[in-house]
Structures are given as C-alpha cells and as structure tokens.
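Inspection log for the structure reproduced underneath, given as structure tokens.
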C-alpha cells in the first residue's frame with residue numbers, strides 16, 4: 001500500500017485534471033469545515049454558560065428546614081424546626097457515597113442591616129459559619145493568608161476569612177488585612193485570610209462580600225447551640241446527588257420527627273438537576289451540529305463518489321489494458337479506493353485547518369474585545385478532530401467503494417473494445 | 001504449447017444466439033509463428049480473446065504449456081495472463097500518462113519486480129526494439145510504428161510463453177508494418193511462440209504457418225514459406 005509507484009499514480013490521476021479535483025475536494029472541504037465551525041460554536045456557547053456556573057461543585061444539593069405540614073408522633077403541623085449538628089452525623093452514617101456534608105449557619109443576607117464594624121467603617125455582609133470543606137463545594141481563591149482548618153473548628157477560634165469586597169469596604173488601600181480585627185455583631189474576630197470568587201451568575205459583586213468563620217465559633221458567638229441553618233451536600237463522582245437526595249431527606253425527617261410523607265417540611269435545591277438540564281441542552285446542540293455537519297459532509301462525499309465513477313469510466317480502457325497485462329483486480333480496486341480516500345482526507349484536512357484558523361481568529365477577536373455574554377473560547381477538542389478524521393476515512397472508503405466495484409466489474413475484453 | 005480441442009463459443013445477442021466458434025481443433029508447438037486469417041466475423045478475434053484468457057470458452061478444452069485453462073477467477077486469470085502471455089493490440093493500448101519505459105515496465109510491476117530491476121529490464125527491451133533513447137517520452141510523442149514497438153517491448157518484458165498480436169499492423173502504413181513484422185520475426189527467431197491475427201495476405205505470409213478461419217471453422221491450416229520482412233525495410 002505504501003509503495004512509491006502507487007502514490008505516484010494516485011498523484012498523476014488526481015493532478016491530471018486540477019480543476020475537477022479541486023471542485024470535488026471542495027464538497028468535502030466545506031462539509032468538514034461546517035462541522036468544525038458548528039461544533040466549536042456550540043462549545044463556545046457551552047463554555048459561556050458553564051462559566052456562569054463557575055467552579056462550583058455541581059454534584060451538590062442544598063437543603064434547609066421549613067415548617068411541617070403533617071402531624072406526626074404527637075407533634076402538631078405548622079411546627080418550625082431546625083436541623084441539628086447530630087443530623088449531619090446521621091446522614092454520614094446512613095447514606096453512602098457522600099463526599100462532603102457541610103452544615104452552615106448564616107448571618108445577614110440580602111439587604112440586611114449593617115452587621116460588621118471596623119473602626120469607623122461599617123458594612124452589611126453575609127457571615128457564614130462553615131466547615132473547611134466548603135471551599136471545595138463553593139470554590140474560592142485565597143488571595144492572602146489562609147482558609148479555615150479543623151484546628152479552628154475544634155478550638156472554636158474566633159477568626160474570619162473575608163472577601164475582597166469586604167476588604168474594599170472596611171479597609172483603606174494598602175492596609176494590612178491579615179492579623180487585624182473586625183467586629184461581627186459585637187464580637188471580635190481576627191482576619192486570617194482573604195479570598196476571591198470567580199464570577200458566579202451575575203452575583204460577582206455579592207460573592208466577594210462574604211465572611212467565613214468556623215462553624216463552632218459561629219454557633220457559640222451567636223448563640224446557635226446545635227442548630228444548623230442549612231446544608232450543602234456533595235456526592236461522590238459517579239453517584240448523582242439527585243439519585244440519593246430522597247434518602248438523605250428521609251434520614252433528616254426521621255431524626256427531626258417529621259412525617260416521612262411530609263414533602264414540604266424540608267426544602268432543597270438540586271444543583272445537579274439544573275446542571276443536567278443545561279447539559280442536555282448542549283447535548284442537543286451537539287447533536288444538531290453533528291447532524292447538519294455530517295449531512296453537508298455526506299453531500300461532499302457523494303460528489304467524490306460521483307467523480308470517481310466518472311474517473312473509472314474515463315479510465316475503462318486503461319483498466320482493461322492493465323488487466324490484460326496481468327494486474328490483480330484487487331490491486332485496481334485498492335487503487336481506486338486509495339485515490340478516493342486520499343482526496344477525501346486531503347480536502348478534509350484543509351477544511352479542518354481552515355476551521356481551526358477561523359476559530360483562532362474568533363478567539364483572538366474575543367480576547368481583544370473583552371468577554372461576551374454567554375459565549376467564550378469556542379473550540380473543538382482533539383478527540384473531535386480525530387473523530388472527524390475517522391469520519392473522513394470512512395466516507396472516503398464509502399465514496400470509493402462503488403466506483404472501485406464498478407472498476408473491477410469491467411471485463412478487460414469489453415474495456416479494450418471501447419475505442 | 002497451445003492445445004485446443006473442440007472449442008465452441010457463442011454470444012447471446014438479445015434472443016438470438018450467435019455461434020461464433022464451431023468446434024476448433026488445433027495445436028501450436030513452441031517456436032511457431034502462426035498467422036490466423038479470416039474476414040471480419042470469421043471469429044478470429046474471439047479465438048484470440050479466448051487464447052488470451054480475456055474471454056471464456058463455452059465448450060471444449062484449452063491447454064497452455066500443459067496447464068488447463070478453465071474456470072479461472074479474475075485474480076487467477078490475471079496471474080496467468082501476466083505469466084504466460086504478452087499482448088500486442090491494433091490500437092497499441094499504451095497508457096497515455098506513462099512514459100515508454102514505464103509502459104514497458106508495467107507487467108514487471110505486476111510481478112512485483114523491484115523498481116531498479118524493472119527499469120533495467122524495461123530499458124533492455126526498449127533497446128531491443130531500437131527505442132532506448134525514447135524511454136522518457138510519452139506515447140503521444142511517438143509515431144505509430146514507435147508506439148507499436150513500445151507495445152511489443154512491453155509484451156516481451158514479462159518473458160511470456162506466447163505472444164498474441166491482434167492486427168499488430170492494422171493501424172500502420174505498409175512500410176512501418178514491415179518494420180514491425182521484421183521485429184516480430186526476429187523475436188520468433190529467438191525461439192518465442194507468436195500468434196498473429198491479421199486479414200492482410202502479405203503480413204500472413206511473413207509467418208511460418210497460416211490458419212484460415214471462416215464462419216467459425218478452420219478451413220485451411222498450412223505451412224508456408226516465410227517471407228522475410230527485412231528485404232522491404
């Protein structure tokens with residue numbers, strides 16, 4: 001297959017009619033180009049939307065308590081209740097495949113009153129009592145100092161990690177932050193670190209205005225006892241949180257003496273489900289891109305097949321001569337197939353190359369003009385390119401198959417008769 | 001070398017069956033130079049096609065150099081053609097985009113002879129037909145006689161057992177025809193078996209034996225005094 005003479009012949013045949021070869025190649029070129037562009041545009045949209053999800057661990061649910069709507073074990077309906085710290089242990093014991101369970105408490109909130117003071121400056125910020133794992137569920141970058149650790153939890157240290165937004169509000173420019181004190185609802189906390197979050201769905205500003213303190217210190221300082229405001233629960237990779245959330249909620253309900261069928265007592269938000277919904281949208285987009293791209297490619301391939309048939313027809317006599325001289329019919333078949341595959345791959349490569357250049361141009365335009373809503377970094381992965389190549393080889397084979405078959409059907413005696 | 005017994009061949013033309021060859025019997029020994037003569041429609045081309053394994057016989061038997069030729073698939077037929085037979089056609093049938101040397105080397109290529117050896121041999125045979133200095137020319141740069149000589153070189157390149165020539169001089173003027181016949185005679189002098197299909201008396205008489213076909217049967221099979229083509233060149 002890799003001998004010089006065969007390649008020489010392929011080139012001779014394909015270059016003998018340049019104009020026709022280029023026109024034929026254009027069909028395949030255009031098909032693969034459209035495929036690449038569609039896929040990368042879809043990817044760009046996906047990247048744009050995914051950026052809004054940020055780095056958040058998507059296999060996560062949030063769970064909070066509401067009021068009961070059913071009487072149970074002598075307790076009335078309409079009863080408010082709170083999760084307790086032992087619920088966390090209960091979930092951990094009874095539900096497998098959980099990666100993180102972070103109980104959380106919170107002060108302040110949207111449009112809350114000023115609750116943090118430093119010297120003459122005050123501000124209204126969200127203050128969270130948290131465990132160290134929260135940084136893995138809701139990722140943030142520590143810009144100075146450190147984040148929470150278990151010594152802080154165990155010793156109930158009164159320390160705080162503040163957002164860059166808090167720093168801007170409470171400190172002057174250039175002031176040393178780490179080691180200073182802020183007063184949260186009258187209790188002094190030492191700042192040990194600052195963080196920055198990636199923008200998260202338009203709340204970019206809000207996300208930087210949070211303060212994290214150890215869960216245990218929070219409970220003690222603000223009289224929460226064993227109460228847990230809400231929980232962020234992440235499942236192991238490979239287990240969707242959606243599939244085990246019912247189990248988690250029933251454990252909590254049992255622990256808190258809530259009727260097992262009381263659907264409204266425990267509120268939750270399943271991030272994974274939302275994420276899946278968006279994912280399936282992109283799945284559909286990808287499907288459309290492949291569908292349209294491959295159809296366009298197919299018409300190109302049919303063009304190649306067509307031309308190869310004409311080439312075979314034109315070369316009927318030559319094929320006849322070669323067979324009279326004793327060429328193996330398989331060798332002739334291989335020749336036609338290789339011509340077809342070669343033409344398809346070369347034109348396909350050109351399409352991929354141009355597609356890549358267009359993507360590169362769009363990317364550098366995006367870089368120059370700053371980010372655009374819902375569109376970022378359009379690209380195709382290497383696996384897509386390899387997939388496209390595989391499609392090309394298969395389609396080259398398909399395109400050559402019928403012509404090659406008709407080439408070996410030519411009986412040398414008939415071929416030699418054509419004058 | 002060639003042994004034919006009771007050979008029948010007919011073609012279907014719509015509903016009619018055209019019986020072209022009606023029971024031929026003859027044999028050709030090694031080193032013979034045989035002319036097959038006959039008017040058009042006498043079946044001489046059909047006979048040549050069957051001898052050349054380009055067509056299949058209906059009935060009878062055909063043995064070439066002791067090998068029975070029957071029920072060949074295309075791959076096998078191609079191998080046998082390559083090994084046993086050399087073809088020379090009326091319309092030369094050179095491959096247009098290949099140079100004279102490449103054309104001559106083609107049968108060797110199908111025998112998977114390495115490139116270097118192939119080219120050496122091709123040049124040798126081109127030399128024998130007196131066209132060594134034309135090796136790099138394309139067929140359309142050659143005259144008719146030259147093309148036919150290239151075709152003969154090509155037919156000889158694979159060192160076949162039998163050379164089959166179908167009207168080798170049909171497209172040439174008489175002077176060039178004699179040149180080609182001279183070449184064929186010289187190849188025969190070296191001991192090669194050659195079959196020439198022709199309808200020209202003078203060409204036929206340059207062979208050693210004439211088989212006359214008429215309406216699908218052999219009407220005459222005679223040895224003749226060979227006229228050397230040399231004297232006309």
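Residue A:343 - would you say it is under 24 Å from residue A:16 (Cα atoms) and touching a strand residue (DSSP E or B) at 6+ places or on another chain (Cβ under 8 Å)?
So residue A:343 does not fit the description; no.
In the set A:10, A:91, A:36, A:32, which member is modelled with pLDDT of 90 or more and more than 30 Å from residue A:205 (Cα to Cα)?
Sole residue among the options that is modelled with pLDDT of 90 or more and more than 30 Å from residue A:205 (Cα to Cα): A:91.
State all residues of region A:357-374 that are assigned to a helix (DSSP H, G or I) and either touching a strand residue (DSSP E or B) at 6+ places or on another chain (Cβ under 8 Å) or surrounded by fewer than 17 Cβ atoms within 10 Å (Cβ to Cβ) (or both); if no residue qualifies, say none.
Correct list: A:357, A:358, A:360, A:361, A:363, A:364, A:365, A:366, A:367, A:368, A:369.
So residue A:377 passes all but one of these: (1) away from every other protein chain (no Cβ under 14 Å); (2) assigned to a helix (DSSP H, G or I). Which condition number does it fail?
With (1) away from every other protein chain (no Cβ under 14 Å); (2) assigned to a helix (DSSP H, G or I) applied to residue A:377, the lone miss is (2).
In contact with a helix residue (DSSP H, G or I) (Cβ under 6 Å, 6 or more places away or on another chain), at pLDDT below 90 and surrounded by 20 or more Cβ atoms within 10 Å (Cβ to Cβ) - does that describe any residue in region B:215-228?
no
May I ask you to say which residue of A:416, A:343 is touching a helix residue (DSSP H, G or I) at 6+ places or on another chain (Cβ under 8 Å), in a helix (DSSP H, G or I) and within 14 Å of chain B (Cβ to nearest Cβ)?
The unique qualifying residue is A:416.
Of all the residues that make up region B:135-156, how many are assigned to a helix (DSSP H, G or I) and either more than 15 Å from residue B:96 (Cβ to Cβ) or within 20 Å of the chain's Cα centre (by Cα) (or both)?
Of the residues in region B:135-156, 14 are assigned to a helix (DSSP H, G or I) and either more than 15 Å from residue B:96 (Cβ to Cβ) or within 20 Å of the chain's Cα centre (by Cα) (or both).
In this structure, is residue B:220 in a strand (DSSP E or B), without any contact (Cβ under 8 Å) to a residue 12 or more places away in the chain and away from chain A (no Cβ under 14 Å)?
It is true that residue B:220 is in a strand (DSSP E or B), without any contact (Cβ under 8 Å) to a residue 12 or more places away in the chain and away from chain A (no Cβ under 14 Å).
Would you confirm, using the coordinates I've provided, whether residue B:103 is within 7 Å of chain A (Cβ to nearest Cβ), touching a helix residue (DSSP H, G or I) at 6+ places or on another chain (Cβ under 8 Å) and closer than 22 Å to residue B:148 by Cα?
So residue B:103 fails the test.
Specify the residue that is farthest from the chain's Cα centre (by Cα); the eligible residues are those in region A:199-224 that are under 12 Å from residue A:125 (Cβ atoms) and modelled with pLDDT of 80 or more.
Among those that are under 12 Å from residue A:125 (Cβ atoms) and modelled with pLDDT of 80 or more, it is A:213.
Identify, by number, the condition in (1) more than 9 Å from chain A (Cβ to nearest Cβ); (2) in contact with a strand residue (DSSP E or B) (Cβ under 7 Å, 6 or more places away or on another chain) that residue B:89 doesn't meet.
Result: residue B:89 passes all but (1).
Would you confirm whether or not region A:318-333 contains a residue that is out of contact with any strand residue (DSSP E or B) (no Cβ under 7 Å at 6 or more places or on another chain), away from chain B (no Cβ under 13 Å) and assigned to a helix (DSSP H, G or I)?
No - not one qualifying residue is present in region A:318-333.
Output the residues belonging to region B:95-112 that are more than 18 Å from residue B:161 (Cβ to Cβ) and buried (at least 18 other Cβ atoms within 10 Å of the Cβ).
Correct list: B:95, B:98, B:99, B:100, B:101, B:102, B:103, B:104, B:105, B:106, B:109.
When only residues in region B:30-49 that are farther than 17 Å from residue B:160 by Cα and surrounded by fewer than 17 Cβ atoms within 10 Å (Cβ to Cβ) count, which is farthest from the other protein chains (Cβ to nearest Cβ)?
B:39
Kindly indicate whether residue B:144 is at pLDDT below 90, more than 13 Å from chain A (Cβ to nearest Cβ) and at positive phi.
In short, no.
Identify all residues within region B:50-67 that are farther than 12 Å from residue B:7 by Cβ and within 13 Å of chain A (Cβ to nearest Cβ); write none if there are none.
B:52, B:53, B:54
Go through A:126, A:59, A:47, A:105 for me and flag whichever is in contact (Cβ under 8 Å) with a residue 12 or more places away in the chain, under 30 Å from residue A:208 (Cα atoms) and out of contact with any helix residue (DSSP H, G or I) (no Cβ under 9 Å at 6 or more places or on another chain).
Criteria check complete, one pass: A:47.
Mind checking whether some residue in region B:52-67 is in a helix (DSSP H, G or I), surrounded by 17 or more Cβ atoms within 10 Å (Cβ to Cβ) and without any contact (Cβ under 8 Å) to a residue 40 or more places away in the chain?
no
Out of B:83, B:70, B:76, B:121, I need the residue that is away from chain A (no Cβ under 14 Å), surrounded by fewer than 22 Cβ atoms within 10 Å (Cβ to Cβ) and part of a helix (DSSP H, G or I). Which one?
B:121
Scan region A:283-315 residue by residue and report those that are closer than 30 Å to residue B:106 by Cβ and either more than 14 Å from every other protein chain (Cβ to nearest Cβ) or surrounded by fewer than 17 Cβ atoms within 10 Å (Cβ to Cβ) (or both).
Of everything in region A:283-315, those that are closer than 30 Å to residue B:106 by Cβ and either more than 14 Å from every other protein chain (Cβ to nearest Cβ) or surrounded by fewer than 17 Cβ atoms within 10 Å (Cβ to Cβ) (or both) turn out to be A:304, A:305, A:306, A:307, A:308, A:309, A:310, A:312, A:313, A:314.
The values are calculated or read from the model by the stated rules, or taken from the named source; none is laboratory data. Here the structure is a predicted model, which means the values were calculated and not measured. Cβ: placed from backbone, ideal geometry, glycine included. Neighbour counts: every protein chain shown.
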